[in-house]
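Read through the structure below, which is laid out as structure tokens, and then see the notes.
The values are calculated or read from the model by the stated rules, or taken from the named source; none is laboratory data. Just so you know, these numbers come straight off a predicted model, no measurement behind them. In this analysis, Cβ positions are derived from the backbone assuming ideal geometry, glycine residues included, and neighbour counts consider all displayed protein chains.
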Amino acid sequence: MQLNGIKPAAGSKHDKKRVGRGIGCGLGKTAGRGHKGQKARSGGFHKIGFEGGQMPLQRRLPKRGFVSLAKGDAAEVRLADLQRLTADTIDLAVLKQAGVVPHLALRAKVILSGELQRKVTLKGIAVTKGARAAIEGAGGSVELPAKPEAAAVEKGKDSAKTKPAAADAAATEAK
């Protein structure tokens with residue numbers, strides 16, 4: 001076989017239909033669009049789900065519950081996954097590189113599933129109570145990530161206390 005002898009499979013390539021070129025082509029006159037109606041007109045298309053002005057099905061059905069947009073941010077890691085890793089110090093980057101968690105994961109949590117029989121150090125990864133006990137029982141340690149929420153809450157309280165005092169001071173100066 002030579003490169004200049006290769007041809008596409010029979011029937012895989014065909015010329016484009018030329019519509020509206022007389023009755024001899026088979027698609028003359030109405031050009032395959034039928035007679036009248038919205039689909040026969042130029043620009044006569046509508047969005048998916050449009051039902052001619054009737055309330056569309058996706059709007060008639062009841063909506064329930066809540067779908068979180070942040071659903072795929074967190075990943076679960078089993079103790080058995082930690083057992084398979086070769087690294088002694090494990091953080092989110094190590095888990096991503098090993099393919100244990102998806103590359104889009106922003107955080108991970110170790111759960112009690114499987115067994116851990118070697119010493120590992122977790123940095124910046126959340127753990128459940130049972131998983132923490134299993135890791136520490138195997139001689140490992142857990143360094144939890146810092147909680148930014150507590151600092152933000154206290155900062156919000158301080159600013160709330162100072163705002164009314166500043167407003168009172170401004171009111172007395174205006175008098």
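Annotations
- When the residues of segment 107-121 are filtered to those that are aliphatic (A, V, I, L, M) and either loosely packed, with under 14 Cβ neighbours inside 10 Å or assigned to a loop (DSSP other than H, G, I, E, B) (or both), the one that is modelled with the lowest pLDDT is Leu116.
- Filtered by the rule that a residue be in contact with a helix residue (DSSP H, G or I) (Cβ under 8 Å, 6 or more places away or on another chain) and aliphatic (A, V, I, L, M), segment 112-136 gives Leu112, Leu116, Val120, Leu122, Ile125, Val127, Ala131, Ala134, Ile135.
- Residues of segment 64-106 that are part of a loop (DSSP other than H, G, I, E, B) and either loosely packed, with under 10 Cβ neighbours inside 10 Å or touching a residue at least 40 places away in the same chain (Cβ under 8 Å) (or both): Arg64, Gly65, Phe66, Val67, Ser68, Leu69, Ala70, Thr86, Gly99, His103, Leu104.
- Of all residues in segment 52-78, those that are of a type in the set (A, V, I, L, M) and out of contact with any strand residue (DSSP E or B) (no Cβ under 8 Å at 6 or more places or on another chain) total 5.
- No other residue among Arg33, Arg84, Arg41 is modelled with pLDDT of 90 or more, within 30 Å of Lys109 (Cβ to Cβ) and not aliphatic (A, V, I, L, M) apart from Arg84.
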